[in-house]
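Inspection log for the structure reproduced underneath, given as structure tokens.
The values are calculated or read from the model by the stated rules, or taken from the named source; none is laboratory data. None of these values were measured; they are calculated from a predicted model. Here the Cβ is made from the backbone with ideal geometry for all residues, glycine too, and neighbour counts use every protein chain on show. Quick note on the areas: whole protein, heavy atoms, side chains included, nothing else; ligands and nucleic acids left out. Shrake-Rupley method; radii C 1.70, N 1.55, O 1.52, S 1.80 Å.
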Amino acid sequence: MSQITQDSESERPQGMSEFTITVLLVDDQKIIGEAVRRMLDDQTDIAFHFCQDPTQALEMARQIKPTVILQDLVMPEVDGLTLVKFFRANASTRDTPMIVLSSKEEPVVKAEAFALGANDYLVKLPDKIELVARIRYHSRGYINLLQRNEAYTAIEQSRQRLAEQMEAAAKYVSTLLPQPTSEPVTIDWRYIPCTDLGGDTFGYHWIDDDNFALYLIDVSGHGLDSALLSVTIMNVLRSRSLPQTDFRDPGQVLLALNNGFPMEEYGGKFFTIWYGVFDLSSSTLSWCGGGHPPALLFENGPSATAPIELDSDGPMIGGMPWDEFETQQHAISSGDRLFIYSDGVHEIHLPGGIDWPFEQFVDYLAGHSDPQKSPLDGLLQHVRQLNGSDLLDDDFSIIEVRF
Amino acid sequence: MNALEITEVNDVVVVSFNHSKVLDEATIRQIGEEFSTLTLEAAAERKLLLNFSNVAFMASAMIGKILVLNKQCKKDRVDLKLCSICPNIMEVFNLMKLNKVLKIYDNAEQALEAFGPTRKSWFHRS
């Protein structure tokens with residue numbers, strides 16, 4: 001028997017409370033109290049408490065927190081079955097195992113006691129071996145329950161803490177994103193981080209009087225580490241701190257990033273990026289992508305037409321050494337619209353195990369080309385509908401630029 | 001349970017996946033660990049084929065593990081090929097330009113043929 005106690009002790013996870021087998025006997029007869037005390041005398045790991053006054057039983061139970069209650073059914077001042085009911089109604093003893101004691105075998109009383117919530121029934125006075133065995137059996141079950149409840153609470157608390165940290169990190173990333181603007185071009189965006197942070201960031205800023213940079217980064221994996229690396233890269237671009245790099249040349253920027261952020265030095269994480277520079281004086285957009293979905297350029301025209309996909313050949317950044325990231329260019333006219341986005345915007349798992357086809361995402365944007373009305377909110381709503389939930393699996397990040 | 005199933009077809013070490021959804025971090029970490037011994041498995045003939053026929057969904061972090069394996073194969077001069085990638089995942093591979101970096105085939109037959117003549121193949125001729 002003591003072996004069982006030791007085993008369960010040694011299995012107790014660190015930081016969990018230690019519970020002692022604690023018996024509360026409620027009986028009006030002092031002689032019974034004394035008899036049970038003697039039976040348990042040599043059981044050094046069992047704490048014994050005796051309550052002779054049944055009207056004090058609930059209060060005493062609240063204080064000593066028994067792991068099993070032994071209760072006489074026949075007492076002068078209180079009906080034993082009513083007391084069982086009280087123990088069950090009381091929050092501190094609701095789940096405490098109860099063994100009711102009676103002077104004889106009475107099937108009807110027994111059944112009634114079980115119906116009111118008693119766990120066991122013993123005829124007074126039981127044999128010592130049997131009493132100790134039942135006390136240990138019921139206490140062990142109850143202690144397991146208490147420890148399980150404690151573990152659940154601890155898990156819930158740590159889950160809550162993690163969720164709070166994620167939320168704080170998501171807010172922090174949001175504060176780093178630039179405000180929508182109307183100069184030199186009109187820019188609006190939506191950033192809906194997923195609950196475990198998908199590693200998206202983006203930004204835009206002036207490089208000099210003529211050149212305006214636009215970029216969107218998606219670090220592989222999810223979590224704080226992905227978000228932190230994404231913020232680091234955003235800061236590198238914003239502060240233009242890459243050696244010997246002309247930030248007006250997207251290919252040079254990606255090459256320098258690929259050399260500067262090899263995945264083996266950054267926790268096995270790589271990232272995809274689309275980086276563009278709009279030259280106002282020549283109305284030219286230069287861009288380069290690294291493993292990133294193509295930005296979509298809708299040219300200003302009389303009717304909705306398919307967009308030009310501003311794609312690139314370069315792979316994701318940090319994944320492997322790469323000799324050249326090619327800069328491409330396209331002339332921009334007033335009224336043209338550009339969408340830069342992360343894969344979380346179009347890689348949506350549909351019910352039935354297929355993904356939303358990329359062409360349908362492009363069609364959605366093409367079909368919502370009203371120059372007066374941004375499609376971003378409609379797209380987000382549409383994607384949430386396709387997803388079957390407002391909570392998306394990945395960060396949803398999209399920038400709309402109106403030239 | 002192992003995340004990977006390793007068999008030999010002629011002189012090619014063929015690796016297939018036991019999970020159809022490679023999404024959670026623990027699975028990806030386990031695959032990464034099992035990947036780390038693959039170049040040893042293929043040390044004799046230096047031919048390694050990753051067969052994705054069982055995989056329906058894959059998180060982007062898994063691509064990192066493939067890239068690490070690709071680097072290791074380059075270093076150990078093991079010929080790495082991939083095959084049977086489902087359209088969902090292939091679309092992601094194409095977007096990330098992995099198709100320009102890795103040798104990808106539609107199915108195992110094509111991939112095995114692309115490894116070239118098999119030294120042991122005369123054993124199987126009847």
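Annotations for the structure displayed:
- If you check A:237, A:214 for being surrounded by 20 or more Cβ atoms within 10 Å (Cβ to Cβ), among the aliphatic types (A, V, I, L, M) and not in a helix (DSSP H, G or I), only one passes: A:214.
- When the range A:84-142 is filtered for residues that are among the hydroxyl-bearing types (Ser, Thr, Tyr) and free of Cβ contacts under 8 Å to residues at least 12 places away in the same chain, only A:137 remains.
- Looking across the range B:1-41, the residues that are open to solvent by less than 50 Å² (accessible area, probe 1.4 Å), within 14 Å of chain A (Cβ to nearest Cβ) and assigned to a helix (DSSP H, G or I) come down to B:27, B:28, B:31, B:32, B:35.
- Residue that is most open to solvent (accessible area, probe 1.4 Å), among those in the range A:240-270 that are in contact with an Asp or Glu (Cβ under 8 Å, 6 or more places away or on another chain) and at the interface with another protein chain (Cβ under 10 Å from one of its Cβ atoms): A:267
- Scanning the range A:194-209 for residues that are of a type in the set (Asp, Glu) and in contact with a strand residue (DSSP E or B) (Cβ under 7 Å, 6 or more places away or on another chain) turns up just one, A:200.
- Subset of the range A:311-341 (residues that are assigned to a strand (DSSP E or B), closer than 22 Å to residue A:184 by Cα and open to solvent by less than 10 Å² (accessible area, probe 1.4 Å)): A:338, A:339, A:340, A:341
- Among the residues listed as B:48, B:40, B:4, the single one being under 18 Å from residue B:118 (Cβ atoms) and of a type outside the set (Lys, Arg): B:48
- Residue within the range A:167-176 that is closer than 21 Å to residue A:223 by Cα, surrounded by 12 or more Cβ atoms within 10 Å (Cβ to Cβ) and over 23 Å from the mean Cα position of the chain (by Cα) present: no
- When residues in the range A:342-380 are screened for being under 30 Å from the mean Cα position of the chain (by Cα), among the aliphatic types (A, V, I, L, M) and not in a loop (DSSP other than H, G, I, E, B), 6 of them pass.
- Helices (runs of 4 or more DSSP H) wholly inside the range B:46-125 that include at least 1 residues being within 14 Å of chain A (Cβ to nearest Cβ): B:60-75, B:87-95
- Selection from the range A:111-136 of residues that are under 17 Å from residue A:48 (Cα atoms) and surrounded by 17 or more Cβ atoms within 10 Å (Cβ to Cβ): A:126, A:131, A:132, A:134, A:135, A:136
- Of the set (1) under 12 Å from the mean Cα position of the chain (by Cα); (2) surrounded by 15 or more Cβ atoms within 10 Å (Cβ to Cβ); (3) closer than 30 Å to residue A:361 by Cα, all apply to residue B:69 but (3).
- Residue within the range A:390-402 that is surrounded by 15 or more Cβ atoms within 10 Å (Cβ to Cβ) and of a type in the set (Gly, Ala, Ser) present: yes
- Looking across the range A:67-110, the residues that are open to solvent by 30 Å² or more (accessible area, probe 1.4 Å) and within 30 Å of residue A:19 (Cα to Cα) come down to A:82, A:85, A:86, A:88, A:89, A:90, A:91, A:92, A:94, A:95, A:110.
- Count - residues of the range A:145-191 that are assigned to a helix (DSSP H, G or I) and in contact (Cβ under 8 Å) with a residue 60 or more places away in the chain: 5
- Index of the failed condition, residue A:371 passing every other in (1) of a type outside the set (A, V, I, L, M); (2) within 12 Å of chain B (Cβ to nearest Cβ); (3) at negative phi; (4) exposed (fewer than 13 other Cβ atoms within 10 Å of the Cβ): (2)
- Residues being part of a strand (DSSP E or B) and under 18 Å from residue A:119 (Cβ atoms) - total across the range A:31-84: 6
- The range A:342-368 - residue that is among the charged types (D, E, K, R) and surrounded by fewer than 17 Cβ atoms within 10 Å (Cβ to Cβ) and, of those, farthest from residue B:55 (Cα to Cα): A:363
- Each residue in the range A:326-344 was checked for being away from chain B (no Cβ under 12 Å) and under 20 Å from residue A:389 (Cα atoms), and 0 of them qualify.
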